[in-house]
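Before any comments, here is the structure.
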Amino acid sequence: MNTRILFPLAVLLVGLHTSASAADRKPNFIVVYTDNLGYGDIEPFGSTVHRTPNLNRMAKEGRKFTHFCVTAGVCTPSRSSIMTGSYSQRVQMHDNPRDGWVLRPVSPYGLHPDEVTVAEVLKGAGYATGIIGKWHLGDQLEFMPNQQGFDYFFGIPYSDDMTQEAGERAAARMKKNPGAPNLGGLAWPPLPLLENEKVIEAPVDRDGLTKRYTEKALEWIEDNHEKPFFLYFPQAMPGSTSKPFSSPEFRGKSKNGPWGDSIEELDWSQGQLLDKLVELGIAENTLVIWTSDNGAPINRTPGDVSRGSNQPLHGRGYTTAEGAFRVPTIMWWPGTIAAGTECAELCTTMDLLPTFAGVVGGDVPTGRKIDGKNILPLIKGEADAKSPYEAFFYYDGPQLQAVRSGPWKLFVPLESFRNHPHFGRDDGSGEKALLFNVVDDIASENDVADVHPDIVEKLMGFAEAARADLGDMNRKGSGQRAIGKNANPTPRVHSDAKQ
């Protein structure tokens with residue numbers, strides 16, 4: 001027998017089997033969810049002050065989404081939508097009696113345990129599931145990631161600015177103004193870093209969060225790369241603080257102070273992530289999505305980008321302006337997504353759950369309404385693929401403020417928006433309907449409501465349907481589900497933490 005012939009044949013057969021197995025394997029999913037990153041904060045979307053070579057690479061090798069929207073201008077409701085595929089109003093993570101629109105430490109509220117998250121959908125399809133970063137959907141045990149479909153959690157339970165010192169300042173404000181909302185005050189513990197359900201450090205070093213998250217993400221991918229995995233990677237930066245944090249290697253290195261330093265470190269982190277996928281030979285089997293939970297808060301002074309930039313979009317984060325809802329998004333999937341392409345169709349973070357489920361044959365939750373759509377045709381850039389949305393709704397907390405359909409965005413007339421700090425548009429008026437073509441008029445400069453009364457009427461009809469379904473101010477929506485509640489919340493503290 002000629003062994004010199006049999007050995008190469010055996011190697012060939014093994015290689016063919018390996019290739020076939022790789023081709024049949026379900027794809028991995030990685031969602032990088034930055035905090036308060038503006039539309040104009042990275043080079044692929046027009047920044048001239050922040051150096052983002054790795055995101056440039058990602059855009060060059062992947063696909064930019066220029067009309068990708070979140071469902072809220074603030075953290076908690078935005079994150080509830082990416083997890084559930086539903087508007088935050090539907091799962092009632094948009095407003096609550098104690099915390100308002102963003103959950104605070106030791107909150108009695110959280111994402112209801114009966115909600116089915118994207119992690120649970122993928123876990124049911126045989127995926128390893130991990131979250132590294134900021135959760136912010138409830139800090140009580142029954143609301144935490146390990147109870148919501150994630151095998152592994154490493155990160156903080158809420159925003160990095162919700163420190164013990166911030167709680168003390170909140171308590172002092174309440175003493176001066178007894179009518180101020182009760183946000184927990186002195187009950188806030190030192191900012192905790194958790195691994196799964198255990199506090200491993202408190203207070204955590206906020207300067208090192210991006211680096212530590214990145215190292216942990218690379219380690220987790222290494223440990224799980226031989227099976228399909230879902231990594232939700234909600235970065236803490238550039239964050240909600242007036243001066244974002246970064247590690248010493250990046251501090252003072254950008255042209256834009258702490259904000260720029262943090263973004264350039266985020267870019268470094270993304271490069272590490274992409275390189276790891278290439279190194280492990282799984283890049284072509286991994287869909288990576290880079291996006292943000294909402295737009296940048298921005299400074300009011302023209303030209304000052306020290307608090308981020310949403311240009312050329314109009315408005316700031318925490319509102320219903322385009323600058324709050326439309327976020328910089330890049331998708332990278334070598335061999336599946338055509339390099340250097342762009343999608344200008346409206347799609348949203350709610351679409352990830354049904355899209356991932358559709359790709360892997362997972363079960364989309366039944367017996368409840370899921371607002372998101374399967375956007376795989378848009379991701380792949382299929383010919384004639386269009387936005388699946390007839391209408392998309394812009395809520396500010398419990399108040400519906402705008403509706404989009406096609407290129408048209410209508411700001412609906414409002415009787416009042418002065419009862420809450422983030423209500424209202426930057427123009428300061430809510431009495432008149434305003435209509436903008438946000439495709440041709442990207443800065444929302446030209447109100448054409450008087451020119452197109454038929455479009456105003458049509459979008460007002462969509463608005464009324466949303467109010468009936470999702471609610472509006474003091475009006476309960478017929479399609480709303482329950483928020484989770486813990487009657488006796490307790491703080492997450494480390495044994496060595498300051499009490």
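Taking the empirical scaling 2.2 N^0.38 Å for compact globular proteins as reference, segment 67-143 has a Cα radius of gyration ratio of 1.10.
Applying 1/(1 + (r/R0)^6) with r as the Cβ-Cβ distance of Ala465 and Arg25 and R0 = 51 angstrom yields a FRET efficiency of 0.75.
Note on the chain: dipole from Cβ charges, positive end direction compared against Trp259, Gly323, Gly477; the farthest Cα belongs to Gly477. Averaging the Cα positions of each part gives two centres, and for segment 373-395 and segment 193-214 these lie 36 Å apart. Seen from a random direction on average, the alpha-carbon convex hull of segment 224-283 projects onto 5.0 square nanometres. Where does segment 354-417 land on Rg(C-alpha)/(2.2 N^0.38 Å)? So the Cα radius of gyration is 1.45 times the expected 2.2 N^0.38 Å. The C-alpha atoms of the chain define a longest principal axis, and helix 453-470 lies at about 80 degrees to it.
What you get for the chain, charging only the Cβ of Lys and Arg (+1) and of Asp and Glu (-1), is a dipole of about 640 debye around the Cα centre. Computed on segment 26-380, with alpha-carbon pairs under 8 angstrom and 6+ residues apart, the relative contact order is 32 percent.
Shape class of segment 276-330 from the alpha-carbon gyration tensor: prolate, with a/c at 1.5 or above and a/b greater than b/c. What is the local net charge at Lys380, summed over the other residues whose Cβ is closer than 13 Å to its Cβ (Lys, Arg +1; Asp, Glu -1)? Overall, the nearby charge balance is -2. Take 358-368, 53-63 and order them by the average number of nearby Cβ atoms within 10 Å per residue, most first; the result is 53-63, 358-368.
Relative to the longest principal axis of the Cα atoms of the chain, the long axis of helix 75-84 lies at roughly 50 degrees. Computed from Cα positions, the angle between helix 257-279 and the longest principal axis of the chain comes to roughly 30 degrees. Full extension of the segment from Ser478 to Lys432, taken as 0.36 nm per residue of separation minus the current Cα-Cα distance, would add 13.8 nm.
So if we plug the beta-carbon distance of Asp447 and Asp304 into 1/(1 + (r/R0)^6) with R0 = 30 Å, what FRET efficiency do we get, rounded to 0.05? My answer for the efficiency is 0.70. Relative to the compact-globule estimate of 2.2 N^0.38 Å, the Cα radius of gyration of segment 256-376 comes out at 1.26. One Cα centroid belongs to segment 108-150, the other to segment 225-300; the line between them spans 22 Å.
Taken over the C-alpha atoms, the chain has Rg and Dmax values of 22.8, 93 angstrom. Segment Ala344..Thr490, full-extension length gain: 48.0 nm, with 0.36 nm per residue of separation and the alpha-carbon distance subtracted. When the P(r) is computed for segment 107-244, the part past 28 Å accounts for 23% of the Cα-Cα pairs.
Read the figures in this text as sums done on the coordinates, not as results from a lab. Only a predicted model underlies this, so the values are computations on that prediction, with no experimental measurement involved. Glycine also receives a Cβ, built like all others from the backbone with ideal geometry; neighbour counts cover every protein chain displayed.
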